[in-house]
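What follows is calculated from the coordinates using simple rules that are stated; it is not laboratory data. None of these values were measured; they are calculated from a predicted model. Note that each Cβ is placed from the backbone with ideal geometry, even for glycine, and that neighbours are counted across all protein chains shown.
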Amino acid sequence: MVEADTERFTVGVFQDAAWAQKGIDALKHAGIPAESISILMKDSPDAVAFIENALGAKAERVDLAGIGAALAHGSLVAALGAGELPTLGLSGTMRRVGFQAHDGRIFDVLTGRGGVLVAVQSEPRAADALAILFSYGGGNAAIGAWTGRV
């Protein structure tokens, strides 16, 4: 059984970097600090610049089962267990942050197709983050509400 973390994340996957940028800008405008935002996307020439511009921080390389090379920044990767992402991928690790296995598979497929996964670690602002992610095109946006129950 996978252990569940006690911190909740709100997650959505945008169809591309342009849509993700709009959503991230809206999150920041709503007062959600960049330190609370995580980005995960397939490795590409533009991915490094996108993450650095969006969050003001360097991206780290992460290997994901089913997706391959990806770039990420933020607390989501540590919460998922960076060492297990190459073997379990998103579908096998999203339970740690309150999502059911089928949610993880959806995030895995959408990110694998070139989507940009954006996560917000802020339980007090989870509903605000969810509304913003939905409003700006964050597909399958959800709050990891199953913490401690998986």
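Using the Kirkwood radius over Cα pairs, work out the Stokes-Einstein diffusion coefficient for the chain at 25 °C and 0.890 mPa s, in µm²/s as a whole number.
It comes out at roughly 167 µm²/s.
Using a Förster distance of 35 Å, how high is the FRET efficiency between Lys22 and Gln100, based on the Cβ-Cβ distance and rounded to 0.05?
Efficiency for this residue pair is about 0.80.
Around Ala70, what is the net charge, scoring Lys/Arg as +1 and Asp/Glu as -1 over all other residues with Cβ under 9 Å from its Cβ?
0
Go through 48-54, 35-41 and give me the packing order, highest mean Cβ count within 10 Å leading.
Put in order of decreasing packing, that is 35-41, 48-54.
At 7 Å along the Cα-to-beta-carbon direction for both Asp46 and Ala82, put a label point, then send me their distance in nm to one decimal.
Result for the modelled spin labels: 2.6 nm.
Find how much the distance from Asp128 to Glu35 grows on full extension, using 0.36 nm per residue of separation minus their present alpha carbon separation; answer in nm with one decimal.
31.9 nm
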